[in-house]
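Asks: Could you have a look at this structure, given as structure tokens, before my questions?
The values are calculated or read from the model by the stated rules, or taken from the named source; none is laboratory data. None of these values were measured; they are calculated from a predicted model. Please note: Cβ atoms are built from the backbone with ideal geometry, for glycine as well, and neighbour counts cover all protein chains shown.
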Amino acid sequence: MLTPRTSDQGYAYWEAPEEEKAVLRQQGGEQLKLRIADVTGLDLEQPLSQFQEYTCTETEQDRFVALPQVDRDYLAEIGYVTADGRWLMLARSAPVRLSAAFAEATPPTPIPSNALAEATPAIPVPEAPPAAWNVEPDLSLTAEERTSEEPAEDEELTASQPLFIDADTTATGAVTGAIAAGTASLLQNVENVEGETSQVYEPEGSAQIDVEATKFDVGQADLSSEVLASVDESLPDLPDGYGESWITLLPRDPQWAYAYWDVPDHHRQTLRQQGGQRLALRFYDVTDVDLSYQNPHSLQQYECDELARDWYIPVPISDRDYIVEIGYVTEDGRWLMLARSNAIRIPPIYPVDWYEEQFITVDWNDELQGQTFLRRLPSRASPFQLALRETHSFHENAR
């Protein structure tokens, strides 16, 4: 990532997995580099031909860089340079714009000349940045002649005068050293300025502990000295039963019902003495039926274990009323009932048949209390319901 920081410098930061670095090193990558390029109006699909290059260590993850001109687009690349000068890119940032408005609001950051000048005896520094970004060293001069062209001690080089190199001259190690030294000086200068103007608030340990403790203060009494295991020591154990036989039936879904019960041992013993041998559940269809003088439409029986306390029961037909009984079956087939549940309605398995919507408009000032504005139309029975009613009617008439 590359972001403008002041009118003449930016901040680049990156993250590269060690696995990806190892792949590029196996391809010949030797030195990790950061490249900053002016890409204003350029085709980003093409390799960078003019850039500013920084040498980085393997552990670095950020760097301050120079951005020489405003109203220009810049991007950053991180990668490796091989021994023969090939560029193996790890990642590239998105282009960012150093706008004139941002530059006016943030003054340039000066760089001391001594750090950069002493590190670049082999590269003469131009007085102003050239129109193109190619500053090639004069290789015709000897080392002594290039050394004699050091800038005066009272000269100061700012970040608006960076050194840029062409891709064809990356073999010149002095340029890389000069830029690295200049960047180090710039970074140190920024850190000094930030240290003088910024303050970091670090709450004291005791105050922070008090703040954290208030999150859990809801006005409760202090229970730190009370053992939770002793809270219910004085309470009696829950009884196994309450001396009454009962059973409850609940609808689970259109295809299953759920029954649970409690029957005291002395009630079971009484029915066993009357000949009861097998504990069982009886599931009745009681739709529109009064069991006090009518028979149920259907009966299903399920034998269950003496230790069971609940049971899932399959529903033969949905959208009907059912009850369940628990009791004993004698050897001659008699039924000795222990308890009977309430009647429940199993929901239908098919979609609801009510589809005739009716809409009315009620004025805001109308008196609604005690008024009837619309009566619900009778729902139409589905073909399945009509067939079921005809079947039940046939059985009733056959009796």
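Each row is one residue, and each column tells you yes or no for (1) closer than 18 Å to residue 82 by Cβ; (2) modelled with pLDDT of 90 or more; (3) buried (at least 17 other Cβ atoms within 10 Å of the Cβ); (4) not assigned by TED's automatic domain parsing to the domain that holds residue 81.
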| site | (1), (2), (3), (4) |
| --- | --- |
| 7 | no, no, yes, no |
| 18 | no, no, no, no |
| 38 | no, no, yes, no |
| 41 | no, no, no, no |
| 51 | yes, no, yes, no |
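Asks: A follow-up question, please. Assess whether residue 326 counts as being surrounded by 10 or more Cβ atoms within 10 Å (Cβ to Cβ) and in a loop (DSSP other than H, G, I, E, B).
Replies: In short, no.
Residues are listed down the side, and each one gets a yes or a no for (1) outside the structural domain of residue 332 (by TED's automatic domain parsing); (2) exposed (fewer than 15 other Cβ atoms within 10 Å of the Cβ); (3) aliphatic (A, V, I, L, M); (4) in contact with a helix residue (DSSP H, G or I) (Cβ under 7 Å, 6 or more places away or on another chain):
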| site | (1), (2), (3), (4) |
| --- | --- |
| 235 | yes, yes, yes, no |
| 253 | no, yes, no, no |
| 262 | no, no, no, no |
| 266 | no, yes, no, no |
| 271 | no, no, yes, no |
| 274 | no, yes, no, no |
| 287 | no, no, no, no |
| 296 | no, no, no, no |
| 303 | no, yes, no, no |
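Asks: Contact list please: Cβ distance under 6 Å, first residue in region 4-23 and in contact (Cβ under 8 Å) with a residue 60 or more places away in the chain, second residue surrounded by 19 or more Cβ atoms within 10 Å (Cβ to Cβ) and charged (D, E, K, R), pairs at least six apart or on different chains.
Replies: That search, which allows pairs on different chains as well, returns 12/63.
Asks: Does region 292-314 hold any residues that are part of a loop (DSSP other than H, G, I, E, B) and more than 14 Å from residue 343 (Cβ to Cβ), and which are they?
Replies: Residues satisfying the conditions are 293, 295, 304, 305, 306, 307, 308, 309.
Asks: Under 7 Å between Cβ atoms, at least 6 apart or on separate chains: pull out the pairs that start in region 271-297 with a residue that is farther than 17 Å from residue 316 by Cα and end on any residue that is aromatic (Phe, Trp, Tyr).
Replies: 271/328; 272/328; 276/328; 277/328; 278/328; 279/328; 280/302
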